[in-house]
């Protein structure tokens, strides 16, 4: 995997926070990342050029005016906001199935080499796989690696966030070992376990959802994340205002022929 | 996913599922994976002359000022009819690969037969820095990056410009206003940031994107700061047809600056490259 910087930009990520999505059910992580880049007007600082992702290209998805509309965009790009010491990775295409493990390893080694102080992985999990307890209350969960625990302490518990429950390796068998299970989470578990092994401070923030119109899920996840990271200021008791990017038009298809009705 | 009518539909999710069995991959599995990977490898075979030039140059790279890639039967047909129709082009190589839809690699060293889906390279005799690639075979998602790296790995990056012509079904074109039949086929363009040339048609509007070989090539050019321009032709005809091929004509303006083109093409020549679809059955006529 190569991080290739765009020209004339500083590329030191030392002590930055990295936010990245997992390709997961409803693409909620990716939608949330789109909102972050669009709202904070982040500037592209590099590409992730790898054989692990399906190729894709298109015009600038965050275009706000004619001049910047024609910047070519690729399948994985890194955006930065130096004032907020924030870097954001957006991944726009699925991971090639046979390359999932390789992708996790390369991602983890890039995170380590770049010196990010912490990484936040936005993800989602199949709502239909919830057990009885999970059906009640908030659909939001978090996980943190031991290194992240050292950085945040009990902050997330104090904010009454719920940790993702483990499942029994052999359901119905008492005393069977507990393991992490994130159905529909794509590479979330792989990235998380590799980060634990490499002592990377990483937090996973995920939401239970189903495929469909996942824009509300993206907003829910992002507002929840904002209560911790304060990416955008919001007056008390109100939700922050996020800017929807131009690329979210026509998510459900083209205009309908008028003669149809 | 539950619908309003109460039934539960199993919906395909784009999330790649974690396969826990992978954690304890046996040596046998690893070997099978490796063999499949080798079978799916992309091979670029150059003719003797070009292979010798590659070895002769210190960096193992060809001098190339312009690379023109045609992806799809209409783009390839257009190039065959308007550009490759003179005697000044030599076939200099081909890419062979195997996947479920393209079974070429069983004959790696032998060039594909005419008319077979393939990936062929041509070089202009008077201006050997101009290369044309016609790609009519299916390149799988996991082979696109490899194809691009191997082809561009043979070319000098300095002074290189790339042009891609690509076919696409108009059904994939998203627009808020319904497209009436008379508007189709039409061209849209995309450029890498390093490209300073004027595009000959409107830019591809959001939220439309490129996939497949054109996307892989353009991404490579964007990341490596190579000037590249792509012309995508949206058409409502599945098979190659002369009207769709003619839609690429504005591109001749740029191509005529690189190589001498044959003027005044007759419609008969174009028709030769279009496939005539015959009615399979007269059951309903």
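Values in this text are rule-based calculations from the coordinates and carry no lab data. Everything numeric here is computed off the predicted structure, so don't read it as measured data. With ideal geometry, Cβ positions are generated from the backbone for all residues, glycine too; neighbour counts draw on all protein chains shown.
Computed values, structure above
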{"quantity": "Span from the the stretch A:187-261 Cα centroid across to the the stretch B:199-253 one, whole angstrom", "calculated": "31"}
{"quantity": "Average other protein chain Cβ within 10 Å of Cβ, residues A:41-51", "calculated": "2"}
{"quantity": "Normalised contact order of the stretch A:1-136, rounded percent, pairs of Cα under 8 Å and 6 or more residues apart", "calculated": "38"}
{"quantity": "Residue A:193 paired with residue A:170, simple spin-label distance in nm, labels 7 Å along Cα-to-beta-carbon", "calculated": "1.9"}
{"quantity": "Inter-chain shielding of B:203-214 (mean C-beta neighbours from other protein chains, 10 Å cut-off)", "calculated": "6"}
{"quantity": "Residue list for the stretch A:106-127, given a label point 7 angstrom along the Cα-to-Cβ vector of residue A:14 and an amide N cut-off under 14 Å", "calculated": "A:113-117"}
{"quantity": "Sites residue A:67 and residue A:7 - FRET efficiency at Förster radius 22 Å, r taken between beta-carbons, to 0.05", "calculated": "0.75"}
{"quantity": "Largest-first principal axis extents of the Cα set of the stretch A:86-170 (Å)", "calculated": "39, 33, 27"}
{"quantity": "Relative intensity, log₁₀ I(q)/I(0), of the stretch A:135-180 from a Debye sum that treats every alpha carbon as a point, q = 0.15 Å⁻¹", "calculated": "-0.54"}
{"quantity": "Rounded, prolate or oblate (a/c below 1.5 giving rounded, otherwise prolate when a/b exceeds b/c) for the stretch A:144-261 by Cα gyration tensor", "calculated": "oblate"}
{"quantity": "Difference of contour (0.36 nm per residue) and Cα-Cα distance, residue A:138 to residue A:158", "calculated": "5.6 nm"}
{"quantity": "Along each principal axis, Cα extent of the stretch A:1-113, largest first, Å", "calculated": "39, 29, 25"}
{"quantity": "Exposure proxy order (Cβ contacts within 10 Å, fewest to most) of A:81, B:166", "calculated": "A:81, B:166"}
{"quantity": "Residue order, fewest to most surrounding Cβ atoms within 10 angstrom, among A:151, B:223, A:25", "calculated": "A:151, B:223, A:25"}
{"quantity": "Shape category assigned to the protein assembly as shown from the gyration tensor of Cα positions, a/c cut at 1.5", "calculated": "prolate"}
{"quantity": "Relative packing of peptides B:175-182, B:187-194 - highest average C-beta neighbours within 10 Å first", "calculated": "B:187-194, B:175-182"}
{"quantity": "Rg [Å, one decimal], Dmax [Å, integer] - the stretch B:116-175, C-alpha atoms", "calculated": "14.2, 44"}
{"quantity": "Estimated distance in nm for a label pair at residue A:180 and residue A:237, the labels positioned 7 Å out from Cα along Cα-to-Cβ", "calculated": "3.9"}
{"quantity": "Rel. contact order, % - alpha carbon contacts under 8 angstrom, at least six apart, the stretch A:179-261", "calculated": "13"}
{"quantity": "FRET efficiency estimate (nearest 0.05) - Cβ-Cβ, residue A:105 to residue B:243, R0 60 angstrom", "calculated": "0.75"}
{"quantity": "Sequence ranges B:31-39, B:60-68, ranked by mean other-Cβ count within 10 angstrom, highest first", "calculated": "B:60-68, B:31-39"}
{"quantity": "FRET efficiency, residue B:180 to residue B:39 (Cβ-Cβ, R0 60 Å, nearest 0.05)", "calculated": "0.85"}
{"quantity": "Cα centroid separation - the stretch A:3-33 against the stretch B:126-147, whole Å", "calculated": "31"}
{"quantity": "Footprinting exposure proxy for A:110, A:248 (fewest neighbouring C-beta atoms within 10 Å first)", "calculated": "A:248, A:110"}
{"quantity": "Sequence-separation-based contact order of chain A, relative, with Cα cut under 8 Å and 6+ spacing, percent", "calculated": "27"}
{"quantity": "Cα shape, the stretch B:113-269, gyration tensor, a/c 1.5 rule", "calculated": "rounded"}
